[in-house]
Structures are given as structure tokens and as C-alpha cells.
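Chemist: Before I ask anything, here is the structure I am working with.
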Amino acid sequence: MAPRSREHSSDRDASTRAAQPTGPYEALDSPNGDDKKQQGYALDVMSSSRRNGNGAGAGYDDDVDGIKKAKGDDDLKRQDTANALGVDGDDDDGTVEGGSIIERHGAGAPYRVYKRRWFGLVALTLMNVIVSWDWLTFSPVSQHAAAYYGESESTINWLSTGFLFVFVVISPLTVYMLHWGVKPSIVTAAALLLVGNWVRYAGSHDSAGGTFGVVMFGQVLIGAAQSFVLSGPTRYSDLWFTSRGRVGTTALMSLANPLGAALGQLVVPFMVTQPSDVSSMVLYVSVIATVICIPSFFVPAAPPTPPAPSCETPKEPLLASVRRLGRNLEFWLILLPYGIYVGLFNSISSLLNQMMMPYGFSSDDAGIAGAVLIVVGLVAAAITSPILDRTKAFLLAIKTAIPLIGLCYLAFVWMPATRVMAGPYVVLAVLGAASFSLVPVALEYLIELSHPCSPEVTSTAAWSLGQLLGAAFILISDALKAPADADPPANLDRALVFQAVIALAVVPLPLCLGLFGRADRVKLRRVESDNRVLQRASEA
């Protein structure tokens, strides 16, 4: 059996040569031209394997001939399997993602995934949970928080609104750091979360009352952390996973964010039943955040070898990626509705209790309704994401989910006025299922359409637009609140109508994808890149 050091060195050499534009295959991903197959960078996987004497091809045959003289049939079979899969036979950490890919495309690709990828996935997932819980720490009990800090409910809303604006302000730094590496971004987010939570508690340690300015500063730090942990999943999936698992992993990490919001909506009203309870609630959340953040400092920086050919494709520089995306019509047809729906979700999550309480619902009722919105959505995403990973029916999923979301916002206009929980529960459940199913597939589809643009550019742009619009929608909804002498007092009926109009206005945009002679612009470029490289490797 070949020594481990030789194999790993061979893999690194193959990875380096694969990125050179000198291979015999036509270019697959041109970073300086759209859909030009004869330009850019070629991935010379098989010839690299032959030159290094490892993998399929001539070198592989020579190695097998030498092994036959020294090993029995059983050992030979194990060595054949290890060489064919591109992993060391004794490497317990290296695993092959989706053996059927190897079976379809041949046994020459030196690509693998590693078990250690799950550690970073869990870390990012838990950080998304706590950062979103931090976001909605005060919204479900805005009346008690207002009394505790001596402010109005509109001022308490700024804890959510400012949180979202910070995301947009910090997004250029987020793109740069994610382009530099995933680990620096995770470590930065963990540090900001730790400091931000304990600063909030410093402004809330006295049960008799708190200091709003200190809490706001801590909230700003946590908002900066969210920019890194919410934009990071697509970059992490691209770095550590193959096309058979990227939608599912992106869904798990990204949708953990609204899971945290659901926990906030559901748990906080039970923790805070009077203004003096706010202090202990902030302390408990800070302790939970500390436990979650400490392991994040130990996340691996990158896999030893790439999981798929597309991971070796040189990514465009950031400015070049931005310029290309600005000219990509399909990118905008997905980005605009995605950003608006994320913004509407942020708005309805922040103001749900203020939408329902004027009609006789309690804060507990509103918290349960918010939890229904999110939990049903998570279940739906857990079902649809693995299916989409296998079928790659991204466009169909987007064209199905977006009209459904628009109709749900229209139906919700009349739900609080029913004064019965059944109506809001049903509409919010359908809205959650459609919205959460859309999130991972839209994020991954944006990357597929723009490959080889850097994944962090598209994901950060999508989330930043959603956070910016969410903050704007919260301010607009607060301005549309009815006066105290209305019937019912301080209702948000006009805000509900505003939401419905905006949601329906963008429905036609994604329905135009692939039409008017632009079917070639909606192809899955990254998936096709992987398939073509592996197919040519098997045929060489």
C-alpha cells in the first residue's frame, strides 16, 4: 500500500496541476467570459493522476502490477478500491460522498469529503440559532421591555431594526473575510457574539431597570456577527461538500437562523411575565450564547483536498464578480424577490405580536403563531432540500414557492381580524413552508447561475438586501400603525395591506426565468462543471 505521505502529496500536486490552463480538455468554467467553453481554465485531472502515478490511468496500472507481487488477493482488492476512489486505504477520516457519482463517472477523480466537515456545520448551525434568538430577544415581550428600559414600544423596535441595518453596513467586510477564508469569519462572529451578549447583560443586570443605550450597543455587535454566520453557509458548503449535499447543508445552516427566531418567539414570553424578568432572561441567553460560541474557535480552516472539481476552479476576484453579477439579468430576477421576502419575513417576525394583540390575542398566542410559522417551515425545508439535492429541480421549486408566498401575505391581511387562532395558524404554516423551502434553493441557484463567481458575493448580496428591506419594512409598518383611538387601538391593518402589495408585486419576476430565448442562461453551471470533468476523466 502506498504510504500516506506520498498519497497526500500526490493529491496536492494533482490539485495544483488541475487549476492550470494547459490540460487537454476544453475549458469548463471561464471566469472572464460567459459560456465560452474554449476559454479560461481547464481541469486536467486524469493527466495529473498519470504524471503522479496515483489514481486511474497508466500510473495506476503500474502501481497495481507492483502490488500484485507483494500482496494477496484480498489486500489487492482493498488497494484497488482505495486507489479508484482517490483515498488512502487506511484513512479513517476520508470518506467518499455519494459512491454513485464514482460509479457514473469512473474511478479517476482524486476528490473526497471528510468527516470533520460536520464539526464546522454544527458550529455554524448553532451560531445561526443563537444570533437570531438574540435578534428577537425583546420583540415578543416588547411591552415589558419598554417598561423595563423606560422607553416606548417604537424605541424597543429599534433593537430589531438597528440589528438589521448593521448587517448591511458590515456586509463589504463580510464578503472580504469570507473570500479570505471561512474560519476567520466564524472566529470573528463568535467573538462578536460573546462580547455583544455580555454587553447587553451589562445594561440589564439590575432587575429594577436597565440602560437602553448599553443594550443597543450590544445589539449592534451581535448584528455584525450575524452578517458572518448568515452569509457563511453557502461558502462553507462550496468548500466542504459536493453537489449531492450542498442544498441540504445550506438549508440546515441557513434555516437554523429562523429556528432561533422561533425559540425567541416561543420561549421568551414564558421567561418574561413582568418587566423585572427581562434582566434574568438576558442573562440566560448570554450563557447559552457563550456555550455555543466557544467550540467555534476550533473549526477547521479547509479540507486537506477538494471535494469536487468545481472547488478547484479559480474563483473570480471580488470586483470582477460584482461586475459580472450586475450584468446578469437572471441574478436580479431571483435576488429581488428573495430580498423582499426575507425583508417581509423579518418584519412580520418582529411585529407579529403588535399585529395580533390589538385583536384580543395574548403575547403567548402571538409567540405560538410565530413558532408555527418557523417550525412548519423547517419541517418543509427538511423534506424538500434532500429531494432538490438529488433532482436539481431548482427552477421549478422557485417558480412554485414564490407565487404561494405572495398569496399567503395577501390572505394574512384578514387573519388577525378573525379573532380566532385557526386562521392565522393555517396561513402562517403555509407561508413558513413555502418561504423556508425557497431559502436554500434560491441561495444555491444564485451560485449555480453565477459560477465561477465567489459564492460569498451572491449570498451576502441576497442576505444584505433582505436585512435592509426588513429594517425598512419595520419602520414603514410602525409608521402605518393606527392611532390609539382607532378600532381596534394601534392596529397594523394598513401595514398588513402594504406587505401584501409588495409581496404580490414581485411574483412575476422569477416566473420569467428561462423564457424569451434565455433558457441557456438558467443552467446549473457548477453542477455541469463537476459532471463534465468527472465524465472526461472516466473516458480518458
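Chemist: Rounded, prolate or oblate: which fits segment 450-521, taking a ≥ b ≥ c as square roots of the Cα gyration tensor eigenvalues, rounded meaning a/c under 1.5, else prolate when a/b beats b/c?
Modeler: The shape class here is oblate.
Chemist: Please report how far the C-alpha centroid of segment 444-482 lies from that of segment 152-174, rounded to the nearest whole angstrom.
Modeler: Centre-to-centre distance over Cα atoms comes out at 14 Å.
Chemist: Need one word for segment 364-487: rounded, prolate or oblate. Basis is the Cα gyration tensor (sqrt eigenvalues a ≥ b ≥ c); a/c below 1.5 gives rounded, then a/b vs b/c decides.
Modeler: It comes out oblate by the Cα gyration axes.
Chemist: From the phi of every residue in segment 500-514, what ³J(HN,Hα) in whole Hz does the Karplus formula 6.51 cos²θ - 1.76 cosθ + 1.60 yield, where θ is phi - 60° and glycine or proline is x?
Modeler: 5, 4, 5, 5, 6, 5, 9, 4, x, 4, x, 5, 8, 4, x
Chemist: Given R₀ = 45 Å, FRET efficiency for Leu511-Asp487 by Cβ-Cβ distance, to 0.05?
Modeler: 0.70
Chemist: Under 17 Å from a label point 7 Å along Cα→Cβ of Ala320: give me every residue in segment 441-472 with its amide N that close.
Modeler: Output list for this probe position: 450-458.
Chemist: With each label point set 7 Å from Cα along the Cα-Cβ vector, what nm distance links Met421 and Ile383?
Modeler: 2.3 nm
Chemist: While we're on this one: Below 26 Å Cα-Cα, how many Lys pairs turn up in segment 117-528? Only count pairs eight or more apart in sequence, or on different chains, if you could.
Modeler: 5
Chemist: Taking N as the number of residues in segment 117-528, what value does Rg over Cα atoms divided by 2.2 N^0.38 Å take?
Modeler: Taking the Cα Rg and dividing by 2.2 N^0.38 Å, one obtains 0.95.
Chemist: Now, a different point. In nm, give the distance between the simple-model label positions of Ala472 and Tyr284, each being 7 Å from the Cα along the Cα-to-Cβ direction.
Modeler: 3.7 nm
Chemist: Sticking to Cα atoms, compute the Rg of segment 183-285 to one decimal and its Dmax as the biggest Cα-Cα distance, whole number, in Å.
Modeler: Over segment 183-285's Cα set, Rg and Dmax evaluate to 16.5, 54 Å.
Chemist: Return Thr211, Thr249, Thr418, Thr458 ranked ascending by Cβ neighbour count within 10 Å, so the fewest neighbours appear first.
Modeler: Thr418, Thr211, Thr249, Thr458
Chemist: Now, a different point. For the residues Ser276, Ser296, what sequence is obtained by ranking on other C-beta atoms within 10 Å, fewest first?
Modeler: On the way: Ser276 15, Ser296 23.
Ordered from fewest to most neighbouring Cβ atoms within 10 Å, Ser276, Ser296 come out as Ser276, Ser296.
Values quoted throughout were computed directly from the atomic coordinates according to the rules given, and no laboratory measurement underlies them. Keep in mind it's a predicted model, so treat the numbers as computed, not measured. Note that each Cβ is placed from the backbone with ideal geometry, even for glycine, and that neighbours are counted across all protein chains shown.
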